[in-house]
Amino acid sequence: MGRNTKYDDYSLMNSHKHILSALVIHPYLKHDKQRRTPEARLAEAVRLAQAIALDVVHSMSVPLAAIRPASFIGQGKVEELPQVITQQEIGLAIMDCVLSPVQQRNLEKAWKCKVIDRTALILEIFGARARTHEGKLQVELAALNYQKSRLVRSWTHLERQRGGFGFLGGPGESQIEIDRRLIRDRIAKINRELANVIRTRELHRKTRRDVPYPVVALVGYTNAGKSTLFNRLTKAKVLATDQLFATLDPTLRQVKLPSGLTIMLSDTVGFISDLPHELVAAFRATLEEVREADVLLHVRDISHPDSHEQKEDVLKVLSSLLDEEALAEQMIEVWNKMDQLQDATMPAGEGKGIAVSALTGAGMDSLLAVLDERFSASHMATLHLAIPVEDGKKIAWLYSHGNVLEAREDDGMFHITVKLTKENAARWRKVR
């Protein structure tokens with residue numbers, strides 16, 4: 001299928017060509033009880049901006065008594081910032097909140113620079129990260145739904161240097177009303193393509209069901225270390241960097257457990273607080289991988305000061321896919337980055353989890369043992385056998401295909417207790 005360059009001709013970032021100076025503002029209501037501190041939320045917003053190579057030259061939290069319909073923040077702060085923007089030659093202001101189109105336009109007029117909100121920033125990151133055709137379609141669909149109600153630059157003005165969706169356009173560029181009919185047509189086209197993707201994914205799932213490998217999905221907050229853990233367990237080379245949303249497209253690999261059972265391990269997109277609803281909706285097809293998994297490994301950065309709050313954000317998204325009972329049954333918590341815990345003790349009130357360091361490899365044996373135990377009843381068979389000691393070929397086969405629990409010789413017989421996958425147990429019964 002040819003690309004429609006008028007609407008989706010965006011390239012991956014070439015951020016070294018042009019680094020945009022940015023201002024990051026985290027506004028918050030003073031009297032609202034927040035699960036995280038304003039400092040923590042601001043730090044996350046700065047990291048989001050840095051994830052697409054923006055040069056954050058100034059950042060600040062802004063306490064609010066109330067949200068202003070015209071500008072979100074108070075008029076005094078609106079009037080104070082142009083001096084900072086001019087002095088530091090800032091080309092982009094990022095508001096770590098959801099702005100209405102009116103609020104966005106008013107701030108741009110007051111500050112004489114481009115203004116985007118948290119949703120647009122995350123969409124930019126996803127637009128730059130998507131590698132597969134499906135991923136690009138899903139992110140573009142989210143961006144189109146976001147743009148429908150906004151007077152922003154036309155899709156014909158996409159910023160090809162940076163990639164993404166053109167929300168980061170520089171000041172002085174004309175903003176024209178999007179042709180809503182063309183956007184509706186494009187949305188309809190993407191939805192048709194994604195329907196085909198969903199059908200193809202379902203065929204792949206059916207094929208996987210026919211091959212009885214359990215599926216284990218890694219889920220968690222962005223930058224919790226899922227890809228590092230995936231690489232450690234599968235010996236793969238999936239991109240794993242200290243960067244928000246380093247992984248966007250799901251990856252699937254085989255892992256052999258100590259018992260000999262093979263599982264399929266899936267690395268999925270990371271979650272984040274206040275994930276734009278456009279993205280949650282667009283990534284339904286990808287998130288179906290989570291719904292289909294036999295076990296969810298919830299990977300947590302246990303060293304992060306907001307680890308508990310991040311857990312709540314992940315569970316909030318997962319609860320839209322699975323009911324509470326299914327979540328409780330399928331979820332295993334993996335406490336990652338134990339090597340970064342300075343006092344080597346767990347935060348209080350965290351319940352049960354498997355402590356690991358994907359970076360150093362610590363705790364991997366425990367994690368694999370837990371998965372082995374989880375699947376042994378449904379996918380393994382324990383056999384108690386007596387084989388003539390001279391039949392070395394059969395004994396060797398059992399050792400190479402199963403997990404030998406006990407073995408002894410007695411009166412010329414080799415007595416062995418071995419765990420085999422149900423498929424290998426069936427093979428043994430045929431050949432013995």
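The values are calculated or read from the model by the stated rules, or taken from the named source; none is laboratory data. All of these numbers come straight from a predicted model, not from anything done at the bench. Methodologically, a virtual Cβ is constructed for each residue, glycine included, from the backbone with ideal geometry; neighbour enumeration extends over all protein chains shown.
Residues that are over 30 Å from ALA224 (Cβ atoms): find the strands (runs of 3 or more DSSP E) completely inside region 318-432 holding 3 or more of those. Explain how you work it out, then say what you get.
On the way: elements: 331-336, 380-388, 403-410, 413-421.
Of the strands (runs of 3 or more DSSP E) lying wholly inside region 318-432, those with at least 3 residues that are over 30 Å from ALA224 (Cβ atoms) span 380-388, 403-410, 413-421.
Right, LEU107: over 21 Å from the mean Cα position of the chain (by Cα), in contact (Cβ under 8 Å) with a residue 60 or more places away in the chain and over 26 Å from LYS311 (Cα atoms) or not?
Numbers: over 21 Å from the mean Cα position of the chain (by Cα): yes; in contact (Cβ under 8 Å) with a residue 60 or more places away in the chain: no; over 26 Å from LYS311 (Cα atoms): yes.
No: the conditions fail for LEU107.
Quick test of your reading of the structure: HIS384 fulfils all but one of (1) without any contact (Cβ under 8 Å) to a residue 40 or more places away in the chain; (2) in the same structural domain as VAL290 (by TED's automatic domain parsing). Name the failing condition by number.
(2)
Under 6 Å between Cβ atoms, at least 6 apart or on separate chains: pull out the pairs that start in region 292-320 with a residue that is on the phi < 0 side of the Ramachandran plot and end on any residue that is of a type in the set (A, V, I, L, M, F, W, C) and part of a loop (DSSP other than H, G, I, E, B).
Between residues of region 292-320 that are on the phi < 0 side of the Ramachandran plot and residues that are of a type in the set (A, V, I, L, M, F, W, C) and part of a loop (DSSP other than H, G, I, E, B), the close pairs are VAL299/ALA224; ARG300/ALA224; ASP301/ALA224; SER303/LEU341.
Given the conditions (1) assigned by TED's automatic domain parsing to the domain that holds CYS97; (2) at pLDDT 85 or above; (3) surrounded by 15 or more Cβ atoms within 10 Å (Cβ to Cβ), which single one is not true for LYS109?
With (1) assigned by TED's automatic domain parsing to the domain that holds CYS97; (2) at pLDDT 85 or above; (3) surrounded by 15 or more Cβ atoms within 10 Å (Cβ to Cβ) applied to LYS109, the lone miss is (3).
Conditions first: (1) under 18 Å from LYS256 (Cα atoms); (2) assigned by TED's automatic domain parsing to the domain that holds LEU297. GLU324 passes all but one, so which condition is the exception?
(1)
Suppose we keep only residues that are touching a Lys or Arg at 6+ places or on another chain (Cβ under 9 Å) and of a type in the set (Gly, Ala, Ser) within region 22-60. Which one would you say is surrounded by the fewest Cβ atoms within 10 Å (Cβ to Cβ)?
Looking at the filtered set, the residue picked out is ALA53.
Within region 202-245, take every residue that is of a type in the set (Val, Ile, Thr) and modelled with pLDDT under 65 and give me the one that is farthest from GLN50 (Cα to Cα).
So the first thing to find is which residues in region 202-245 are of a type in the set (Val, Ile, Thr), and the list is 207, 211, 215-216, 219, 222, 228, 234, 238, 241.
Restricting the remaining residues to those that are modelled with pLDDT under 65 gives 211, 238, 241.
On the way: VAL211: 42, VAL238: 21, THR241: 13 Å.
Ranking the qualifying residues of region 202-245, first place goes to VAL211.
So in region 123-149, with the set limited to residues that are in contact with a Pro (Cβ under 8 Å, 6 or more places away or on another chain) and buried (at least 23 other Cβ atoms within 10 Å of the Cβ), which one is farthest from ARG184 (Cα to Cα)?
From region 123-149, those in contact with a Pro (Cβ under 8 Å, 6 or more places away or on another chain) are 123, 142, 146, 149; that's our starting set.
If we keep only those that are buried (at least 23 other Cβ atoms within 10 Å of the Cβ) as well, we get 123, 142.
Values: LEU123: 19, ALA142: 12 Å.
My answer is LEU123.
Looking at (1) under 16 Å from VAL24 (Cβ atoms); (2) in a loop (DSSP other than H, G, I, E, B); (3) small (Gly, Ala, Ser), which is the one condition that is false for SER59?
(2)
Condition check: outside the structural domain of ASN223 (by TED's automatic domain parsing), in contact with a strand residue (DSSP E or B) (Cβ under 9 Å, 6 or more places away or on another chain), surrounded by fewer than 16 Cβ atoms within 10 Å (Cβ to Cβ) and within 18 Å of SER273 (Cβ to Cβ). Does GLN75 satisfy that? Don't jump to the end; show me each part of the working.
Numbers: outside the structural domain of ASN223 (by TED's automatic domain parsing): yes; in contact with a strand residue (DSSP E or B) (Cβ under 9 Å, 6 or more places away or on another chain): yes; surrounded by fewer than 16 Cβ atoms within 10 Å (Cβ to Cβ): yes; within 18 Å of SER273 (Cβ to Cβ): no.
No, not satisfied.
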